[in-house]
Amino acid sequence: MTTSFAASLRQTIRLGDGMIRHSVAAALAVGLLAGCNADALNVPNYNSVQTTTTPDVALIQNLASGILINQRGSLTGFYNDAGVLGRESLNYFSTDGRTVTNYLTVSVLDNAGFASGGWNPRFTNMRNVINFINIVDAATFLTAAEKSAAKGFAKTFRGLDVLYVLSQRDSIGMPVEIDAATNATKPFVSRDSAYKFGIAMLNEGAADLAAGGSSFPFALPSGFAPFSTPANFLKLNRAVAGRANVYYATLGGGTAAWNAALTALNASFISLSASDFNVGAYWNYSSSAGDALNPISNAQAPDQVAHPALATDAQSNAGVPDLRLTAKTTTITPKSPPGNAGIPSALGWKIYPSSTTPVAIIRNEELILLRAEANIGLGNLAAARTDINFVRVNSGGLAPLAPFATANDAITAVLYEKRYSLMWEGSRWVDVRRYGRLNTLPLDLPTHFRIKVQPVPQAECLFRNRLDAALKGVGCP
(Lines give C-alpha, C1' and ligand atoms only; values in the text may rest on other atoms or scores of the structure.)
Protein backbone atom coordinates (compact mmCIF):
# COMPACT_ATOMS: atom_id res chain seq x y z
CA MET A 1 0.00 0.00 0.00
CA THR A 2 1.48 3.36 -0.95
CA THR A 3 1.89 6.24 1.45
CA SER A 4 -0.74 8.30 -0.36
CA PHE A 5 -3.28 5.49 -0.01
CA ALA A 6 -2.54 5.12 3.69
CA ALA A 7 -2.99 8.84 4.13
CA SER A 8 -6.27 8.68 2.28
CA LEU A 9 -7.49 5.94 4.57
CA ARG A 10 -6.92 8.16 7.58
CA GLN A 11 -9.60 10.55 6.38
CA THR A 12 -12.48 10.54 8.83
CA ILE A 13 -16.15 9.91 8.39
CA ARG A 14 -18.87 11.85 10.15
CA LEU A 15 -22.10 10.05 10.91
CA GLY A 16 -25.14 12.11 10.06
CA ASP A 17 -22.89 14.95 8.90
CA GLY A 18 -22.71 15.61 12.63
CA MET A 19 -20.74 14.65 15.66
CA ILE A 20 -19.65 11.02 15.45
CA ARG A 21 -16.33 10.32 13.68
CA HIS A 22 -14.48 7.12 12.91
CA SER A 23 -11.78 6.07 10.47
CA VAL A 24 -12.41 4.52 7.10
CA ALA A 25 -10.38 1.54 8.18
CA ALA A 26 -12.64 1.00 11.19
CA ALA A 27 -15.72 1.29 9.00
CA LEU A 28 -14.31 -1.29 6.64
CA ALA A 29 -13.47 -3.63 9.48
CA VAL A 30 -17.08 -3.56 10.66
CA GLY A 31 -18.39 -3.83 7.10
CA LEU A 32 -16.21 -6.75 6.15
CA LEU A 33 -17.27 -8.65 9.23
CA ALA A 34 -20.88 -8.10 8.19
CA GLY A 35 -20.14 -9.44 4.70
CA CYS A 36 -21.72 -8.44 1.42
CA ASN A 37 -23.54 -11.65 0.56
CA ALA A 38 -22.70 -15.21 -0.29
CA ASP A 39 -20.04 -13.99 -2.69
CA ALA A 40 -16.63 -14.39 -1.09
CA LEU A 41 -14.50 -11.38 -0.18
CA ASN A 42 -10.72 -11.55 -0.10
CA VAL A 43 -9.58 -9.53 2.90
CA PRO A 44 -5.93 -8.46 2.76
CA ASN A 45 -3.67 -8.72 5.81
CA TYR A 46 -3.18 -5.11 6.81
CA ASN A 47 -0.45 -6.08 9.29
CA SER A 48 1.96 -7.18 6.57
CA VAL A 49 4.03 -4.95 4.28
CA GLN A 50 2.49 -4.67 0.83
CA THR A 51 4.94 -4.11 -2.01
CA THR A 52 2.89 -4.96 -5.10
CA THR A 53 -0.21 -3.48 -6.68
CA THR A 54 -2.30 -6.56 -5.85
CA PRO A 55 -3.17 -5.37 -2.33
CA ASP A 56 -4.11 -1.97 -3.80
CA VAL A 57 -6.57 -3.66 -6.13
CA ALA A 58 -7.90 -5.57 -3.12
CA LEU A 59 -8.28 -2.24 -1.31
CA ILE A 60 -10.45 -0.87 -4.10
CA GLN A 61 -12.57 -4.01 -3.88
CA ASN A 62 -12.92 -3.63 -0.11
CA LEU A 63 -13.86 0.04 -0.37
CA ALA A 64 -16.49 -0.77 -3.01
CA SER A 65 -17.75 -3.62 -0.83
CA GLY A 66 -18.00 -1.20 2.10
CA ILE A 67 -20.35 1.04 0.10
CA LEU A 68 -22.46 -1.96 -0.86
CA ILE A 69 -22.55 -3.33 2.68
CA ASN A 70 -23.71 -0.04 4.12
CA GLN A 71 -26.40 0.29 1.47
CA ARG A 72 -27.70 -3.19 2.10
CA GLY A 73 -27.81 -2.68 5.86
CA SER A 74 -30.02 0.40 5.55
CA LEU A 75 -32.63 -0.65 3.00
CA THR A 76 -34.70 -3.09 5.04
CA GLY A 77 -35.00 -0.53 7.84
CA PHE A 78 -36.50 1.89 5.34
CA TYR A 79 -38.90 -0.77 4.06
CA ASN A 80 -39.92 -1.47 7.65
CA ASP A 81 -40.55 2.16 8.54
CA ALA A 82 -42.28 3.06 5.28
CA GLY A 83 -44.33 -0.13 5.51
CA VAL A 84 -45.77 0.77 8.91
CA LEU A 85 -46.30 4.46 8.12
CA GLY A 86 -47.90 3.54 4.77
CA ARG A 87 -50.23 0.95 6.36
CA GLU A 88 -48.69 -1.98 4.52
CA SER A 89 -46.88 -3.82 7.31
CA LEU A 90 -47.22 -3.94 11.08
CA ASN A 91 -44.66 -5.13 13.61
CA TYR A 92 -46.56 -6.88 16.37
CA PHE A 93 -43.53 -7.75 18.49
CA SER A 94 -45.17 -9.40 21.45
CA THR A 95 -43.16 -7.85 24.29
CA ASP A 96 -42.75 -4.25 23.11
CA GLY A 97 -45.72 -2.14 22.06
CA ARG A 98 -43.44 0.67 20.91
CA THR A 99 -43.10 -1.10 17.57
CA VAL A 100 -46.65 0.19 17.04
CA THR A 101 -47.06 3.20 19.32
CA ASN A 102 -43.79 4.87 18.26
CA TYR A 103 -45.09 4.99 14.68
CA LEU A 104 -48.87 5.31 14.79
CA THR A 105 -50.15 6.81 18.04
CA VAL A 106 -48.25 10.10 18.27
CA SER A 107 -48.78 13.18 16.12
CA VAL A 108 -45.07 14.02 16.26
CA LEU A 109 -42.65 11.09 16.12
CA ASP A 110 -40.03 10.78 18.86
CA ASN A 111 -36.64 11.73 17.42
CA ALA A 112 -35.00 9.43 19.95
CA GLY A 113 -37.41 6.58 19.22
CA PHE A 114 -37.77 3.73 16.77
CA ALA A 115 -38.90 5.89 13.87
CA SER A 116 -35.79 8.08 13.71
CA GLY A 117 -33.70 5.66 11.67
CA GLY A 118 -32.36 5.86 8.14
CA TRP A 119 -30.14 8.86 8.82
CA ASN A 120 -26.65 8.12 10.17
CA PRO A 121 -25.94 5.13 7.90
CA ARG A 122 -26.90 7.14 4.82
CA PHE A 123 -24.53 9.99 5.61
CA THR A 124 -21.81 7.54 6.57
CA ASN A 125 -22.14 6.00 3.14
CA MET A 126 -22.08 9.36 1.39
CA ARG A 127 -18.80 10.07 3.20
CA ASN A 128 -17.56 6.63 2.15
CA VAL A 129 -18.31 7.56 -1.47
CA ILE A 130 -16.24 10.75 -1.18
CA ASN A 131 -13.28 8.83 0.28
CA PHE A 132 -13.66 6.09 -2.33
CA ILE A 133 -13.55 8.62 -5.17
CA ASN A 134 -10.50 10.38 -3.69
CA ILE A 135 -8.64 7.08 -3.42
CA VAL A 136 -9.69 5.99 -6.92
CA ASP A 137 -8.43 9.30 -8.34
CA ALA A 138 -5.07 8.74 -6.64
CA ALA A 139 -4.74 5.13 -7.79
CA THR A 140 -1.95 5.08 -10.38
CA PHE A 141 -2.60 1.40 -11.15
CA LEU A 142 -6.11 2.10 -12.50
CA THR A 143 -6.71 3.15 -16.09
CA ALA A 144 -8.71 6.27 -16.89
CA ALA A 145 -11.66 4.09 -17.93
CA GLU A 146 -11.49 2.05 -14.72
CA LYS A 147 -11.48 5.26 -12.66
CA SER A 148 -14.54 6.52 -14.52
CA ALA A 149 -16.33 3.22 -14.00
CA ALA A 150 -15.56 3.21 -10.28
CA LYS A 151 -16.65 6.81 -9.80
CA GLY A 152 -19.87 6.21 -11.73
CA PHE A 153 -20.64 3.28 -9.46
CA ALA A 154 -20.02 5.37 -6.31
CA LYS A 155 -21.96 8.43 -7.47
CA THR A 156 -24.94 6.23 -8.30
CA PHE A 157 -25.09 5.07 -4.69
CA ARG A 158 -24.61 8.58 -3.34
CA GLY A 159 -27.56 9.76 -5.44
CA LEU A 160 -29.59 6.79 -4.21
CA ASP A 161 -28.74 7.65 -0.59
CA VAL A 162 -29.97 11.21 -1.13
CA LEU A 163 -33.22 9.81 -2.54
CA TYR A 164 -33.70 7.52 0.47
CA VAL A 165 -33.13 10.35 2.96
CA LEU A 166 -35.64 12.53 1.11
CA SER A 167 -38.12 9.65 0.97
CA GLN A 168 -38.10 9.56 4.76
CA ARG A 169 -37.62 13.28 5.60
CA ASP A 170 -39.35 14.97 2.63
CA SER A 171 -40.14 18.61 3.52
CA ILE A 172 -37.45 18.76 6.21
CA GLY A 173 -34.75 18.69 3.55
CA MET A 174 -31.24 17.53 4.36
CA PRO A 175 -27.54 18.46 4.22
CA VAL A 176 -26.01 17.54 0.86
CA GLU A 177 -22.48 18.93 1.01
CA ILE A 178 -19.70 16.85 2.53
CA ASP A 179 -16.39 18.48 3.45
CA ALA A 180 -13.92 15.64 3.05
CA ALA A 181 -10.94 17.80 4.07
CA THR A 182 -12.10 19.35 7.36
CA ASN A 183 -15.29 17.51 8.33
CA ALA A 184 -16.98 20.89 8.72
CA THR A 185 -20.69 20.57 9.42
CA LYS A 186 -22.82 21.67 6.50
CA PRO A 187 -26.27 23.29 6.58
CA PHE A 188 -29.57 21.74 5.62
CA VAL A 189 -30.88 22.64 2.18
CA SER A 190 -34.48 22.60 1.02
CA ARG A 191 -36.17 19.52 -0.38
CA ASP A 192 -36.08 21.12 -3.83
CA SER A 193 -32.34 21.77 -3.64
CA ALA A 194 -31.67 18.29 -2.28
CA TYR A 195 -33.57 16.64 -5.14
CA LYS A 196 -31.62 18.72 -7.64
CA PHE A 197 -28.37 17.70 -5.98
CA GLY A 198 -29.24 13.99 -5.91
CA ILE A 199 -30.36 13.99 -9.54
CA ALA A 200 -27.22 15.89 -10.56
CA MET A 201 -25.11 13.28 -8.74
CA LEU A 202 -26.87 10.50 -10.63
CA ASN A 203 -26.30 12.33 -13.91
CA GLU A 204 -22.59 12.75 -13.10
CA GLY A 205 -22.44 9.05 -12.37
CA ALA A 206 -24.09 8.31 -15.71
CA ALA A 207 -21.46 10.34 -17.55
CA ASP A 208 -18.67 8.53 -15.69
CA LEU A 209 -20.18 5.13 -16.45
CA ALA A 210 -20.50 6.00 -20.13
CA ALA A 211 -16.72 6.56 -20.15
CA GLY A 212 -16.10 3.50 -17.98
CA GLY A 213 -14.85 1.01 -20.55
CA SER A 214 -15.73 -2.65 -20.48
CA SER A 215 -15.30 -3.61 -16.82
CA PHE A 216 -15.17 -2.43 -13.23
CA PRO A 217 -11.91 -2.72 -11.25
CA PHE A 218 -13.85 -4.70 -8.62
CA ALA A 219 -16.52 -7.36 -8.52
CA LEU A 220 -20.19 -6.75 -7.72
CA PRO A 221 -22.35 -9.17 -5.70
CA SER A 222 -24.58 -11.60 -7.55
CA GLY A 223 -27.73 -9.53 -6.95
CA PHE A 224 -26.25 -7.06 -9.44
CA ALA A 225 -25.55 -9.70 -12.10
CA PRO A 226 -27.47 -7.87 -14.86
CA PHE A 227 -25.38 -4.76 -14.15
CA SER A 228 -21.87 -6.19 -13.80
CA THR A 229 -20.33 -3.98 -16.52
CA PRO A 230 -20.24 -0.16 -16.62
CA ALA A 231 -22.53 -0.11 -19.67
CA ASN A 232 -25.14 -2.23 -17.93
CA PHE A 233 -24.71 -0.46 -14.59
CA LEU A 234 -25.52 2.74 -16.48
CA LYS A 235 -28.98 1.23 -17.08
CA LEU A 236 -29.38 0.78 -13.33
CA ASN A 237 -28.23 4.35 -12.77
CA ARG A 238 -30.87 5.56 -15.24
CA ALA A 239 -33.55 3.50 -13.49
CA VAL A 240 -32.75 5.22 -10.18
CA ALA A 241 -32.67 8.59 -11.97
CA GLY A 242 -36.11 7.82 -13.41
CA ARG A 243 -37.49 7.23 -9.93
CA ALA A 244 -35.79 10.36 -8.56
CA ASN A 245 -37.14 12.56 -11.35
CA VAL A 246 -40.68 11.19 -10.98
CA TYR A 247 -40.58 11.93 -7.25
CA TYR A 248 -39.17 15.39 -7.86
CA ALA A 249 -41.69 16.16 -10.61
CA THR A 250 -44.60 15.78 -8.17
CA LEU A 251 -42.86 18.01 -5.62
CA GLY A 252 -42.06 21.05 -7.73
CA GLY A 253 -39.92 19.75 -10.60
CA GLY A 254 -42.82 19.96 -13.03
CA THR A 255 -42.62 19.41 -16.78
CA ALA A 256 -38.82 19.44 -16.94
CA ALA A 257 -38.59 16.67 -14.35
CA TRP A 258 -41.34 14.62 -16.04
CA ASN A 259 -39.43 14.81 -19.32
CA ALA A 260 -36.15 13.96 -17.58
CA ALA A 261 -37.88 10.96 -15.99
CA LEU A 262 -39.02 9.65 -19.37
CA THR A 263 -35.57 10.13 -20.87
CA ALA A 264 -33.93 8.31 -17.96
CA LEU A 265 -36.43 5.45 -17.93
CA ASN A 266 -36.08 4.91 -21.67
CA ALA A 267 -32.31 4.57 -21.14
CA SER A 268 -32.76 2.13 -18.26
CA PHE A 269 -33.45 -1.60 -18.31
CA ILE A 270 -37.21 -1.06 -18.71
CA SER A 271 -38.93 -3.82 -20.66
CA LEU A 272 -42.56 -4.27 -21.61
CA SER A 273 -42.41 -8.01 -21.04
CA ALA A 274 -44.28 -9.80 -18.28
CA SER A 275 -41.39 -12.24 -17.89
CA ASP A 276 -39.13 -9.31 -17.01
CA PHE A 277 -41.20 -7.88 -14.14
CA ASN A 278 -38.67 -9.04 -11.55
CA VAL A 279 -35.52 -8.14 -13.47
CA GLY A 280 -33.60 -5.63 -11.40
CA ALA A 281 -31.01 -5.09 -8.69
CA TYR A 282 -31.26 -7.05 -5.44
CA TRP A 283 -29.50 -7.43 -2.13
CA ASN A 284 -28.55 -11.03 -1.45
CA TYR A 285 -28.31 -12.73 1.94
CA SER A 286 -26.84 -16.01 3.12
CA SER A 287 -26.00 -18.03 6.21
CA SER A 288 -22.32 -18.17 5.23
CA ALA A 289 -19.81 -17.10 7.85
CA GLY A 290 -19.46 -13.32 7.88
CA ASP A 291 -22.59 -12.70 5.86
CA ALA A 292 -26.03 -11.49 6.96
CA LEU A 293 -29.56 -12.86 6.88
CA ASN A 294 -32.60 -11.02 5.55
CA PRO A 295 -33.81 -9.13 8.66
CA ILE A 296 -37.42 -8.69 7.46
CA SER A 297 -37.91 -12.30 6.37
CA ASN A 298 -40.50 -14.51 8.02
CA ALA A 299 -37.71 -16.46 9.66
CA GLN A 300 -35.98 -13.41 11.15
CA ALA A 301 -39.05 -11.23 11.82
CA PRO A 302 -41.97 -13.56 12.62
CA ASP A 303 -43.93 -10.74 14.27
CA GLN A 304 -44.29 -8.82 11.00
CA VAL A 305 -47.84 -8.98 9.63
CA ALA A 306 -49.55 -7.36 6.66
CA HIS A 307 -52.11 -4.61 7.18
CA PRO A 308 -55.68 -5.97 6.78
CA ALA A 309 -56.53 -3.12 4.39
CA LEU A 310 -54.43 -4.81 1.72
CA ALA A 311 -57.05 -7.57 1.57
CA THR A 312 -60.14 -5.41 1.91
CA ASP A 313 -58.99 -2.89 -0.72
CA ALA A 314 -57.83 -5.43 -3.31
CA GLN A 315 -59.77 -5.48 -6.57
CA SER A 316 -60.89 -8.69 -8.21
CA ASN A 317 -61.64 -10.13 -11.64
CA ALA A 318 -64.69 -12.41 -11.88
CA GLY A 319 -64.44 -13.07 -8.16
CA VAL A 320 -60.69 -13.81 -8.22
CA PRO A 321 -58.75 -11.37 -6.02
CA ASP A 322 -55.78 -9.42 -7.34
CA LEU A 323 -53.09 -12.03 -7.96
CA ARG A 324 -50.47 -9.82 -6.34
CA LEU A 325 -52.35 -10.03 -3.05
CA THR A 326 -52.46 -13.82 -3.06
CA ALA A 327 -48.85 -14.08 -4.25
CA LYS A 328 -47.50 -11.82 -1.51
CA THR A 329 -49.76 -12.44 1.51
CA THR A 330 -51.38 -15.38 3.22
CA THR A 331 -54.02 -16.03 5.87
CA ILE A 332 -52.59 -16.61 9.36
CA THR A 333 -53.85 -17.04 12.89
CA PRO A 334 -54.78 -13.48 13.89
CA LYS A 335 -52.08 -11.52 15.70
CA SER A 336 -52.60 -8.46 17.89
CA PRO A 337 -50.10 -5.93 19.19
CA PRO A 338 -49.28 -5.78 22.90
CA GLY A 339 -51.41 -3.33 24.85
CA ASN A 340 -54.12 -3.26 22.19
CA ALA A 341 -52.25 -0.46 20.42
CA GLY A 342 -53.61 -1.54 17.04
CA ILE A 343 -56.07 -3.82 15.31
CA PRO A 344 -55.65 -7.58 14.88
CA SER A 345 -54.36 -8.86 11.55
CA ALA A 346 -54.96 -12.28 10.03
CA LEU A 347 -52.80 -11.45 7.03
CA GLY A 348 -49.22 -12.66 6.91
CA TRP A 349 -46.39 -12.11 4.45
CA LYS A 350 -45.10 -14.34 1.66
CA ILE A 351 -42.74 -11.78 0.09
CA TYR A 352 -39.64 -12.70 2.09
CA PRO A 353 -40.28 -16.30 3.19
CA SER A 354 -36.68 -17.32 3.82
CA SER A 355 -33.85 -15.72 5.76
CA THR A 356 -31.91 -15.74 2.47
CA THR A 357 -34.66 -14.32 0.23
CA PRO A 358 -33.21 -11.38 -1.75
CA VAL A 359 -34.63 -7.87 -1.32
CA ALA A 360 -35.28 -5.76 -4.40
CA ILE A 361 -33.71 -2.31 -4.77
CA ILE A 362 -35.53 -1.49 -7.99
CA ARG A 363 -37.34 -3.74 -10.48
CA ASN A 364 -38.67 -3.51 -14.01
CA GLU A 365 -42.28 -3.65 -12.80
CA GLU A 366 -41.69 -0.39 -10.94
CA LEU A 367 -40.08 1.21 -13.99
CA ILE A 368 -43.16 0.57 -16.11
CA LEU A 369 -45.39 2.23 -13.52
CA LEU A 370 -42.97 5.13 -13.08
CA ARG A 371 -43.20 5.68 -16.83
CA ALA A 372 -46.97 5.71 -16.49
CA GLU A 373 -46.64 8.40 -13.82
CA ALA A 374 -44.41 10.48 -16.07
CA ASN A 375 -46.86 10.24 -18.94
CA ILE A 376 -49.75 11.25 -16.68
CA GLY A 377 -47.73 14.25 -15.56
CA LEU A 378 -47.21 15.23 -19.20
CA GLY A 379 -50.86 14.69 -20.12
CA ASN A 380 -50.21 11.53 -22.15
CA LEU A 381 -53.06 9.57 -20.58
CA ALA A 382 -53.33 7.00 -23.37
CA ALA A 383 -49.64 6.06 -23.06
CA ALA A 384 -49.99 5.89 -19.27
CA ARG A 385 -53.03 3.63 -19.61
CA THR A 386 -51.06 1.23 -21.82
CA ASP A 387 -48.40 0.76 -19.14
CA ILE A 388 -50.91 0.61 -16.28
CA ASN A 389 -53.00 -2.01 -18.03
CA PHE A 390 -49.95 -4.05 -18.97
CA VAL A 391 -49.00 -4.38 -15.30
CA ARG A 392 -52.59 -4.66 -14.13
CA VAL A 393 -53.44 -7.53 -16.47
CA ASN A 394 -50.16 -9.46 -16.40
CA SER A 395 -49.19 -9.00 -12.75
CA GLY A 396 -52.59 -8.57 -11.07
CA GLY A 397 -54.77 -10.75 -13.30
CA LEU A 398 -57.31 -7.91 -13.45
CA ALA A 399 -59.40 -6.63 -16.33
CA PRO A 400 -57.92 -3.67 -18.23
CA LEU A 401 -59.15 -0.18 -17.45
CA ALA A 402 -61.13 1.97 -19.87
CA PRO A 403 -59.67 5.33 -21.01
CA PHE A 404 -59.22 7.79 -18.17
CA ALA A 405 -61.58 10.74 -18.01
CA THR A 406 -59.14 12.90 -16.09
CA ALA A 407 -55.53 12.96 -14.93
CA ASN A 408 -56.81 12.51 -11.38
CA ASP A 409 -58.46 9.23 -12.39
CA ALA A 410 -55.17 8.12 -13.95
CA ILE A 411 -53.27 8.96 -10.77
CA THR A 412 -55.74 6.95 -8.72
CA ALA A 413 -55.21 4.01 -11.08
CA VAL A 414 -51.42 4.10 -11.07
CA LEU A 415 -51.31 4.42 -7.28
CA TYR A 416 -53.44 1.29 -6.97
CA GLU A 417 -51.12 -0.65 -9.27
CA LYS A 418 -48.02 0.57 -7.43
CA ARG A 419 -49.58 -0.35 -4.10
CA TYR A 420 -49.97 -4.01 -5.09
CA SER A 421 -47.03 -4.39 -7.48
CA LEU A 422 -44.55 -2.82 -5.02
CA MET A 423 -46.07 -4.12 -1.81
CA TRP A 424 -43.65 -3.65 1.12
CA GLU A 425 -40.94 -2.25 -1.14
CA GLY A 426 -40.92 1.26 0.35
CA SER A 427 -43.24 2.90 -2.18
CA ARG A 428 -46.76 3.31 -0.77
CA TRP A 429 -46.14 5.90 1.98
CA VAL A 430 -43.92 7.97 -0.30
CA ASP A 431 -46.41 7.83 -3.18
CA VAL A 432 -49.53 8.93 -1.31
CA ARG A 433 -47.58 11.75 0.34
CA ARG A 434 -46.22 12.98 -3.02
CA TYR A 435 -49.74 13.23 -4.42
CA GLY A 436 -51.28 14.80 -1.31
CA ARG A 437 -53.25 11.66 -0.49
CA LEU A 438 -52.01 10.79 2.97
CA ASN A 439 -55.63 11.00 4.11
CA THR A 440 -56.36 7.83 2.14
CA LEU A 441 -54.32 5.81 4.65
CA PRO A 442 -56.60 4.17 7.21
CA LEU A 443 -56.70 5.20 10.87
CA ASP A 444 -57.24 1.89 12.63
CA LEU A 445 -57.97 3.41 16.05
CA PRO A 446 -59.06 6.89 17.18
CA THR A 447 -55.61 7.30 18.75
CA HIS A 448 -53.75 6.75 15.47
CA PHE A 449 -52.17 9.44 13.29
CA ARG A 450 -50.96 9.74 9.72
CA ILE A 451 -47.30 10.76 9.74
CA LYS A 452 -45.81 12.85 6.95
CA VAL A 453 -42.09 12.74 7.76
CA GLN A 454 -39.68 10.89 9.98
CA PRO A 455 -37.70 13.06 12.38
CA VAL A 456 -34.03 13.99 12.30
CA PRO A 457 -32.38 11.89 15.05
CA GLN A 458 -32.00 13.51 18.45
CA ALA A 459 -28.21 13.11 18.47
CA GLU A 460 -27.92 15.08 15.24
CA CYS A 461 -30.20 17.79 16.64
CA LEU A 462 -28.28 18.06 19.91
CA PHE A 463 -24.99 18.40 18.07
CA ARG A 464 -26.31 21.08 15.75
CA ASN A 465 -28.06 23.00 18.52
CA ARG A 466 -24.60 24.08 19.76
CA LEU A 467 -23.71 25.61 16.40
CA ASP A 468 -24.52 28.84 14.61
CA ALA A 469 -28.12 29.38 13.58
CA ALA A 470 -27.38 28.55 9.93
CA LEU A 471 -26.22 25.07 10.95
CA LYS A 472 -29.01 24.15 13.33
CA GLY A 473 -31.03 21.12 12.37
CA VAL A 474 -34.24 21.76 10.48
CA GLY A 475 -37.09 19.76 12.00
CA CYS A 476 -35.36 19.60 15.39
CA PRO A 477 -37.22 20.55 18.60
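Structure above, values below:
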{"read-out": "Subset tally (residues that are surrounded by 22 or more Cβ atoms within 10 Å (Cβ to Cβ) and outside any helix (DSSP H, G or I)) for the range 97-115", "value": "0"}
{"read-out": "Single match in L401, L441, L445 (criterion: open to solvent by 30 Å² or more (accessible area, probe 1.4 Å), on the phi < 0 side of the Ramachandran plot and in contact (Cβ under 8 Å) with a residue 60 or more places away in the chain)", "value": "L445"}
{"read-out": "Check on S89, more than 22 Å from D161 (Cα to Cα), touching a residue at least 40 places away in the same chain (Cβ under 8 Å) and crowded, with 24+ Cβ neighbours inside 10 Å", "value": "yes"}
{"read-out": "Given (1) free of Cβ contacts under 8 Å to residues at least 24 places away in the same chain; (2) closer than 30 Å to E373 by Cβ; (3) over 24 Å from the mean Cα position of the chain (by Cα), index of the condition T331 fails", "value": "(2)"}
{"read-out": "Test for V129: is it of a type in the set (A, V, I, L, M, F, W, C), free of Cβ contacts under 8 Å to residues at least 40 places away in the same chain, open to solvent by less than 20 Å² (accessible area, probe 1.4 Å) and assigned to a helix (DSSP H, G or I)", "value": "no"}
{"read-out": "Filter result for T412 (open to solvent by 20 Å² or more (accessible area, probe 1.4 Å), without any contact (Cβ under 8 Å) to a residue 24 or more places away in the chain and of a type in the set (S, T, N, Q))", "value": "yes"}
{"read-out": "Residue list for the range 154-189, filter: open to solvent by less than 30 Å² (accessible area, probe 1.4 Å) and farther than 25 Å from V430 by Cβ", "value": "A180, N183, T185"}
{"read-out": "Test result for P358, closer than 25 Å to L75 by Cβ, touching a Phe, Trp or Tyr at 6+ places or on another chain (Cβ under 8 Å), at pLDDT below 95 and crowded, with 16+ Cβ neighbours inside 10 Å", "value": "no"}
{"read-out": "Subset of the range 71-96 (residues that are under 22 Å from A311 (Cα atoms) and either out of contact with any Phe, Trp or Tyr (no Cβ under 6 Å at 6 or more places or on another chain) or assigned to a helix (DSSP H, G or I) (or both))", "value": "Y79, N80, D81, A82, G83, V84, L85, R87, L90, N91, Y92, F93"}
{"read-out": "Exclusive hit being under 24 Å from A194 (Cβ atoms), out of contact with any Gly (no Cβ under 7 Å at 6 or more places or on another chain) and hydroxyl-bearing (S, T, Y), set T95, T124", "value": "T124"}
{"read-out": "Single unsatisfied condition, F463 versus (1) touching a residue at least 12 places away in the same chain (Cβ under 8 Å); (2) not in a helix (DSSP H, G or I)", "value": "(2)"}
{"read-out": "Selection status of A260, aliphatic (A, V, I, L, M) and touching a residue at least 40 places away in the same chain (Cβ under 8 Å)", "value": "yes"}
{"read-out": "Residues that are open to solvent by 30 Å² or more (accessible area, probe 1.4 Å), over 16 Å from A301 (Cβ atoms), touching a strand residue (DSSP E or B) at 6+ places or on another chain (Cβ under 9 Å) and in contact (Cβ under 8 Å) with a residue 60 or more places away in the chain, drawn from the range 335-352", "value": "S336, I343"}
{"read-out": "Per-region count, the range 55-71, residues open to solvent by 10 Å² or more (accessible area, probe 1.4 Å) and within 21 Å of E425 (Cβ to Cβ)", "value": "2"}
{"read-out": "Some residue of the range 452-467 being aromatic (F, W, Y) and either at pLDDT 95 or above or touching a helix residue (DSSP H, G or I) at 6+ places or on another chain (Cβ under 8 Å) (or both)", "value": "no"}
{"read-out": "Some residue of the range 190-198 being farther than 20 Å from V246 by Cβ and surrounded by fewer than 22 Cβ atoms within 10 Å (Cβ to Cβ)", "value": "no"}
{"read-out": "Test: residue in the range 190-209 that is assigned to a loop (DSSP other than H, G, I, E, B) and of a type outside the set (S, T, Y)", "value": "no"}
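Table: residues versus (1) part of a loop (DSSP other than H, G, I, E, B); (2) touching a Phe, Trp or Tyr at 6+ places or on another chain (Cβ under 6 Å); (3) open to solvent by 40 Å² or more (accessible area, probe 1.4 Å).
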{"residue": "F269", "(1), (2), (3)": "yes, no, no"}
{"residue": "S275", "(1), (2), (3)": "no, no, yes"}
{"residue": "S288", "(1), (2), (3)": "yes, no, yes"}
{"residue": "A299", "(1), (2), (3)": "yes, no, yes"}
{"residue": "A311", "(1), (2), (3)": "no, no, yes"}
{"residue": "L325", "(1), (2), (3)": "no, no, no"}
{"residue": "T331", "(1), (2), (3)": "no, no, yes"}
{"residue": "S354", "(1), (2), (3)": "yes, no, yes"}
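The values are calculated or read from the model by the stated rules, or taken from the named source; none is laboratory data. Everything quoted here is computed from the prediction, not taken from an experiment. Neighbour counts run over all protein chains shown; Cβ positions are idealised from the backbone, glycine included. Just the protein is used for accessible areas: all its heavy atoms, side chains included, with ligands, DNA and RNA removed. Shrake-Rupley method; radii C 1.70, N 1.55, O 1.52, S 1.80 Å.
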